[in-house]
Amino acid sequence: MLMILTPTMMLLPMIWLSSSAHLWASVLAHSMTIALVSLSWLCLPMEAGWSSLNSFIATDPLSTPLLVLTCWLLPLMILASQNHMAKEPINRQRVYISLLTSLQIFLILAFGATEMIMFYVMFEATLIPTLIIITRWGNQTERLNAGIYFLFYTLAGSLPLLVALLVLQNSTGSLSFLTTQFSPPLQLHTEASKIWWAGCLLAFLVKMPLYGAHLWLPKAHVEAPIAGSMILAAVLLKLGGYGMMRIIIILDPLTKQLSYPFIILALWGVVMTGSICLRQTDLKSLIAYSSVSHMGLVAAGILIQTPWGFTGALILMIAHGLTSSALFCLANTNYERTHSRTMLLARGLQMVLPLLATWWFLFTLANLALPPLPNLMGELMIISSLFNWSNWTLLLTGAGTLITASYSLHMFLTTQRGPITSPVLAIEPTHTREHLLMILHLLPLLLLILKPALIWGWAL
Amino acid sequence: MNPYVLSILLMGLGLGTTVTFASSHWLLAWMGLEMNTLAILPLMAQHHHPRAVEAATKYFLIQSAAAATILFASSTNAWLSGQWDIQHITHPLPTVMITIALSLKLGLAPLHAWLPEVVQGLDLTTGLVLSTWQKLAPFALLLQISPEIPLLITSLGLISMLAGGWGGLNHTQLRKVLAYSSVAHLGWMMVVMQFSTSLTALALLMYVIMTTSAFLTFKLLKSTDMNSLAMSWAKTPSVTALAPMMLLSLGGLPPLSGFLPKWLIIQELTKQELGLVATVAALSALLSLFFYLRVCYCLTFTSSPNNLAGVAPWRLESKQISLPLATSTSLSILLLPISPAILSLTLPLF
């Protein structure tokens, strides 16, 4: 673990001591090296045990895919931010990259934490760099409100989590993930236990987000600059899913009864946010709401606590992370050229930027869960296990799949096909950097078709 | 101010607190508190501005009323128990009176109404002394008597947290914001006092460090309201970059050091089966976080030409010594990873 963590921490001095000519190239090269080395975590022994173990940090088959996704995303964020940061003073560029790197450090520590309070502190620590990225480098005045919504929604959910974890520590004596799966079941018979159950899960449900508490997400995703949108969509939402999967082991047997309203909310959210996507005019907002929709499926998959549910949730988290981040990068290519997020302003792009249309096509297909991509594998496993849990969920999940296909296709056809609008005629051609960004998103997805066992987790 | 007069006043301040720390007799403790009050009054009124003189007058009246109540309560205790020892107050009547009198001295809600206007009338240095040094002596007395009246202590603490959070929400004057932040932090200190006096002392220590950093930052930026913070990025980019971290630390966000007292206090409260109090306390911290965040927005997260409400103050060269600011800001951001060391230093002492 230190093999990845120490180079990431040493990126910070490198950022501040590099010359301005070499800054972006050197940070990109080093973070790419760290990302490639982090792939070695995937081939550690995967038999439901912990690897790279010391008393504070460890990896196991659940956290490894998320760790690799996090490490993979840093060079991609740097590639994506290079253009719009080029006009800023050099020290502000250094601050921006330092924020991305410190976010990376906190995320590695969060996914690698073996003790729940450490996970909590790192979970909260990721809020500060994200807040600064959204409110300082966002582009519209709404970014201030977006930062407030983001910070306060997440904190209002996670402060009860702190109290709940400390209550758990009093009753069990230890909060280590290593021992929770072996500890005797808790005596959860009182009414206060139900409130404790809710306190444990609420933070992660707000972070995922669950449909009723999702209002921060469209604001934060839309107002953030491209690196902020990428890290939010790809990794920070998955912190909620990961936390839920870790803690739900202890929460039995209350979960069987108490999770009903949350499963219903999650599935209803899939349909509702999908329908909202069909009516969106703002491209980034559409992708943000589609994130809520996919995460609703993940939340439902985790809450039913079956092996296929957990596996499907983890696969969908990884696949959605890559897809959503790629879609935000594509939306950013539009934004950098037209400085507008309105879909209708930049239509018929296939005639103007044909190479980019390929990437739009492939990531739209990924978003609507086309086989044989891992997106389908995740969604199918969750939908099957939900059908097994209750046959009626098929109505909602089936409708959700249909609506997802509709809005993904709507997004593709509106931006790529059709008549060319006049603002589009004078935009600059695609950069090689943008193509590199897209292929770096797509390549992991395609390779995962060949060995999905890497991101299965320990349930199967 | 004449340096001889200033040195006498500062010595008086130091001596007053030291006398209160060292005393075991109530009359000597009262004398130390009165010396503190009298020594700071000329410091408050030194600029002869009407608001400063008004602040000094209000401060004098409040603190004298509190000191008189302490005198009365300790006399009552002497009558009831026959001795003047500070640690041997057993009868509930003098205990309650002394607790309320010390709350008035500190500015705990519901006895906090004087604090915002007094701090607003002072310049930033005297405000710093009022918010940090003047809190030490009453806390020394409170920690020694450790009143065991759960209803009084917990309600003083909770009401202070909520009053400090809600009260500070609509202000643009930075000194008033810091006064309400003081009320909220004092609430956190009170709520854990009956269970662990060392955690109260730790919370007080962290609060002093963070408030020192806040006041010194605003003094360096020569700004007393939020509009004049707007051009700080042009004057001192490094302070502008670090001050949001210090303000978010005041708000209690991990991984900054302000999280440490809140975490330990919530842990102690849950150990004592007070989970509901702990949750209300944690959520009330969100109220104060909102106005700290708003100061961060004005200071760093919006910058010209996007911030139309900001004014550009004169950019005069600042002759402030930067070591206290640098030390207190570093401590208020970076102490969380060494919390076991801090705990081992403070826990045995109190």
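Observations on the structure shown:
- Isotropically averaged projected area of the protein assembly as shown, using the convex hull of Cα atoms (one quarter of hull area), nm²: 35.1 nm²
- Selection from A:170, A:41, A:75, by position along the positive dipole direction of the protein assembly as shown (Cβ): A:75
- Partner lysines whose Cα lies under 23 Å from the Cα of residue B:235, excluding those fewer than 8 positions away in the same chain, are identified as A:87, B:219, B:222, B:319.
- Restricting the calculation to Cα atoms, segment A:261-459 shows an Rg/Rh of 1.00 when the hydrodynamic-style radius is the Kirkwood one.
- Restricted to Cα atoms, segment B:262-338 shows a radius of gyration and a Dmax of 18.8, 55 angstrom.
- Net length available on complete extension from residue A:88 to residue A:278 is 64.8 nm, with 0.36 nm assigned per residue and the Cα-Cα distance removed.
- Subtracting the Cα-Cα distance of residue B:7 and residue B:227 from their residue separation scaled by 0.36 nm leaves 75.7 nm.
- Each residue of segment A:227-238 is assigned a 3J(HN,Hα), and the resulting list reads 5, x, 4, 4, 5, 4, 5, 7, 10, 5, 5, 6 Hz, derived from the Karplus form 6.51 cos²θ - 1.76 cosθ + 1.60 (θ = phi - 60°), x at Gly and Pro.
- Take each residue in A:153-163, count the other chain C-beta atoms within 10 Å of its C-beta, and the mean is 5.
- From least to most packed, judged by other beta carbons within 10 angstrom and beginning with the fewest, A:435, B:185, A:339, A:214 follow the order A:339, A:435, A:214, B:185.
- The residues A:121, B:5, B:118, when put in order of fewest to most other Cβ atoms within 10 Å, stand as B:5, A:121, B:118.
- Each of A:268, A:216 was scored by other Cβ atoms within 10 Å of its Cβ. Listed from fewest to most, they are A:268, A:216.
- Tilt relative to chain A, helix A:90-112 - C-alpha long axis, 0 to 90 degrees, to 10: 30 degrees
- In chain A, the calculated helix contribution to ellipticity at 222 nm averages -23500 deg cm²/dmol per residue, counting -39,500 (n - 2.57) for every DSSP H run with n ≥ 4.
- Annotation for segment B:246-350: GluC sites (Glu not before Pro) lying in DSSP loop with at most 16 further Cβ atoms inside 10 Å of their Cβ are B:273, B:317.
- When only the Cβ of Lys, Arg, Asp and Glu is charged (+1, +1, -1, -1), the dipole of chain B relative to its Cα centre reaches about 740 debye.
- Each residue of segment B:114-121 is assigned a 3J(HN,Hα), and the resulting list reads 7, 5, x, 6, 5, 5, 5, x Hz, derived from the Karplus form 6.51 cos²θ - 1.76 cosθ + 1.60 (θ = phi - 60°), x at Gly and Pro.
- Label-point separation in nm, residue B:172 to residue A:258, each point 7 Å along Cα→Cβ: 4.6 nm
- Efficiency of FRET between residue B:54 and residue B:238 - r from beta-carbon atoms, R0 56 angstrom, step 0.05: 0.95
- Using θ = phi - 60° in the Karplus curve 6.51 cos²θ - 1.76 cosθ + 1.60, the 3J(HN,Hα) couplings for segment A:292-306 round to 4, 4, 5, 5, x, 4, 4, 4, 4, x, 6, 6, 7, 6, 10 Hz; x is entered for Gly and Pro.
- Length gained when the stretch residue A:174-residue A:21 is fully extended (0.36 nm per residue, less Cα-Cα span): 50.1 nm
- Point-charge dipole on Cβ atoms (K/R +1, D/E -1) for segment A:261-459, about Cα centre, debye to 20: 160 debye
- Dipole axis of the protein assembly as shown (+1 Lys, Arg; -1 Asp, Glu on Cβ), positive-most option in A:145, A:237, A:453: A:145
- FRET efficiency, 1/(1 + (r/R0)^6) with R0 60 Å, evaluated for residue B:149 and residue A:460 via beta carbons: 0.55
- Longest stretch of chain B clear of exposed loop sites (trypsin sites (Lys or Arg not before Pro), DSSP loop, at most 12 other Cβ atoms within 10 Å, sites excluded): B:1-314.
- Working value for chain B: equivalent-ellipsoid semi-axes of 33, 25, 17 Å, each the square root of 5 times a Cα gyration tensor eigenvalue, largest first.
- FRET efficiency, 1/(1 + (r/R0)^6) with R0 30 Å, evaluated for residue A:141 and residue A:426 via beta carbons: 0.65
- Summary value for chain A: 15 percent relative contact order, contacts being C-alpha pairs under 8 angstrom separated by 6+ residues.
- Helix A:393-416 vs. chain A, principal-axis angle (Cα, 0 to 90°, nearest 10): 20 degrees
- Taking amide H positions as modeled 1.01 Å from N, with prolines and chain starts lacking one, the residues under 5 Å from residue B:225 and 5 or more places away or on another chain are B:174.
- Direction-averaged projected area, Cα convex hull, segment B:1-130: 7.8 nm², rounded to one decimal.
- Placing unit charges on the Cβ atoms of the charged side chains and taking the dipole of chain B about its Cα centre, the candidate lying farthest along the positive direction among B:201, B:115, B:72 is B:115.
- The alpha carbon centroids of segment B:267-307 and segment A:428-442 are separated by 41 Å.
- Within segment A:91-145, chymotrypsin sites (Phe, Trp or Tyr not before Pro) in DSSP loop having at most 11 other beta-carbon neighbours inside 10 Å: none
- Chain A - Rg and Dmax from Cα coordinates, angstrom: 21.1, 68
- Mean Cα-pair separation over length for chain B, i.e. relative contact order, pairs under 8 Å, 6 or more apart, %: 15 percent
Every number in this text was worked out from the coordinates using simple rules, so none of it is lab data. Values in this document were obtained by computation on a predicted structure and should not be read as measured data. With ideal geometry, Cβ positions are generated from the backbone for all residues, glycine too; neighbour counts draw on all protein chains shown.
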